[in-house]
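The structure appears below as structure tokens.
The values are calculated or read from the model by the stated rules, or taken from the named source; none is laboratory data. Everything numeric in this text was worked out from a predicted model, so none of it was measured. Ligands, DNA and RNA are stripped out before the accessible areas are found, and what is left, the full protein with its side chains, is counted by its heavy atoms. Shrake-Rupley method; radii C 1.70, N 1.55, O 1.52, S 1.80 Å.
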Amino acid sequence: MTPKEMNVYKKIQEDKEREKAIMQDISAWMNGLYVLQAISCVVSKSAKYPEAHMIVEDFNENELTDEEIEEIVHGNTQIAAANFAAWAEVANSIEQR
């Protein structure tokens, strides 16, 4: 493998590590937000502790319809069938050798 080819893998790994660091930073920030709310409840009588999550919106609003679910299942079925056909072709070619 040439150094140029290895740079592709290096970049992919760096991107994964950067994304992981960003997610950890967001998680730490959100934890700080909850701690801030908890401390403010102790210090001030007017502050209220959050009864639900603060950042992520309610997922119930974005539920899929039956038609959307059926379309996703149909697409995944086609992908699975194509993958199995490719696997079977390779398996059959190996058996014939």
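Miscellaneous remarks
- For region 4-44, the set of residues classified as open to solvent by 100 Å² or more (accessible area, probe 1.4 Å) and of a type outside the set (D, E, K, R) consists of MET6, TYR9, MET23, GLN24, TRP29, LEU36, VAL42, VAL43, listed by residue number.
- Residue check, SER40 at pLDDT 80 or above, in a helix (DSSP H, G or I) and over 25 Å from the mean Cα position of the chain (by Cα): yes
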